[in-house]
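The block underneath contains the structure these notes are about, expressed in structure tokens.
What follows is calculated from the coordinates using simple rules that are stated; it is not laboratory data. Predicted model only: the values in this text are computed from it and were never measured. Cβ: placed from backbone, ideal geometry, glycine included. Neighbour counts: every protein chain shown.
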Amino acid sequence: MFSALILVPVALILWLMFGPGGVYTRVDHGQDTVILIEKGSRHEEIIKVLLDKKLIKNSYVYYVALFLAQQQGKLKAGEFLIPEHATPYHIIRILCCGRVIVHSVTFPEGVTVADVVEKINSLDNLKGPISHTPEEGMLLPETYTYVYGDTKQSIIDRMSAAMTKTVNELWEKSKELGLYKEAHEIIIMASLIEKETGKASERSRIAAVFLNRLKKGMKLQSDPTVTYGLTLGKIKLGRPITKQDLRSETIFNTYVIAGLPPSPIACPGVDALKAAVNPLKTEDLFFVANGNGGHHFSETYSQHTNHVNAWRRLERNRG
């Protein structure tokens, strides 16, 4: 009788540890599984998550695994990836000591602040509202990582800080060259470069064209400034600009205003920012699309006119 009383709990413990669904028995749930543990979750709530995902068989196994792992009160909140065939003991170790899932979001160069806000608001794993945004151009488009529970505003703040840091570093170099009167003009110029070309090899040459025109007192005549003046970066124009658009009296239209626009027309990337302070040494004053994704550059208006005519013939041939 006495032996039986001893054997029963021993058998129960062994079953909880090594039996079907036991602490050290792999649970075959078919695939890696993502689980979410909210901040402040009680054990009962964590158990429900694990049961719903079929990662454990019962609550007893959970508590035994927790005891054996010596992690009572040490479980973390966040998103976790549970490998296929993980044991309950392994799962508890992940919840206390494992790395939470890290997400990433990429913002392409040339987006507007409105584009960034729309993208961030579409992400499910970020919390809270965006309470404030900087002015146009003041967010650095790159790839940013985040974890579940980070705030939407925190992404905006990191992008803003990254832009400020990058521009401050470039401003020190720019002051030596005397290219701009203030650091903010670097962002404005870079935004024009970003919207004018997608070819890395052209950025510094387009910077040279704009700076050459400024030195001569010529209007920049940048088509993207016309578009931005009409939309303010909040909507897509959805059509080619017209001759009437070129005459639109907005504060951004560089066919109408002299010098740089009063603020950026997009959020430029690092390469465009670097190009703004590293212009090529050329006498170019004009550029026009060449039909192959790049541009023809010209020093004289007559050369430019020939390139424009060639571009128009190409457009007509393409219908």
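Computing volume of the Cα convex hull per residue in Å³ directly from the structure and comparing it against (i) 178; (ii) 153; (iii) 136 singles out (i). The phi-based Karplus calculation (6.51 cos²θ - 1.76 cosθ + 1.60; θ = phi - 60°) puts the 3J(HN,Hα) values of the range 134-149 at x, 5, 3, x, 8, 10, 8, x, 8, 9, 10, 9, 7, 10, 4, x Hz, whole numbers, x for Gly and Pro. Can you classify the range 107-252 as rounded, prolate or oblate using the Cα gyration tensor, where a ≥ b ≥ c are the square roots of its eigenvalues, rounded means a/c under 1.5, and otherwise it's prolate if a/b beats b/c and oblate if not? It comes out oblate by the Cα gyration axes. Here the chain is treated with +1 on each Lys and Arg Cβ and -1 on each Asp and Glu Cβ, and its dipole about the Cα centre works out to around 320 debye.
The listed peptides 212-225, 190-203, ordered by packing as a protection proxy, come out as 190-203, 212-225 (highest mean of other Cβ atoms within 10 Å first). Using the average count of surrounding beta-carbon atoms within 10 Å as a protection proxy, the listed peptides 252-262, 39-49 rank, highest first, as 252-262, 39-49. Cα centroid separation, the range 184-206 to the range 293-308: 18 Å. Test of understanding: extend the Cα→C-beta vector of His43 to 7 Å, then name every residue of the range 50-80 with backbone N under 18 Å from that spot. Hits in the range 50-80 for His43 at 18 Å: 50-52, 56-77. Dividing the summed -39500 (n - 2.57) terms of all DSSP H runs of n ≥ 4 by the residue count of the chain sets its mean residue ellipticity at 222 nm at -14500 deg cm²/dmol. Overall shape: rounded for the range 181-318, with the ratio a/c of the largest to smallest alpha carbon gyration tensor axis below 1.5. Using only side-chain charges placed at the Cβ, +1 for Lys and Arg and -1 for Asp and Glu, the dipole size of the range 48-197 relative to its Cα centre rounds to 1260 debye.
For the chain, complete DSSP H runs whose alpha carbons reach 27 Å or more along their own long axis and whose mean Kyte-Doolittle score is -1.0 or higher are 152-177.
Under a model in which nothing but the beta-carbon of Lys, Arg (+1) and Asp, Glu (-1) is charged, the range 180-234 shows a dipole of about 180 debye around its Cα centre. Protection proxy ranking of 179-188, 140-149, by the mean of other Cβ atoms within 10 Å over each peptide's residues and highest first, is 179-188, 140-149. A dipole drawn for the range 102-159 from +1 and -1 charges on Cβ atoms has a positive end, and of Thr143, Gly110, Gly128 the residue lying farthest that way is Gly128. For the range 181-318, the residue among Leu220, Ala190, Pro268 whose Cα projects farthest onto the positive side of the dipole built from Cβ charges is Leu220.
Taking only Cα atoms and a 10 Å spring cutoff, compute GNM fluctuations for the chain and point out the largest among Pro264, Pro240, Pro83. For the chain, modelled as a Gaussian network with Cα springs under 10 Å, the answer is Pro240. Pairs of alpha carbons in the range 22-97 separated by more than 21 Å make up 12% of all such pairs.
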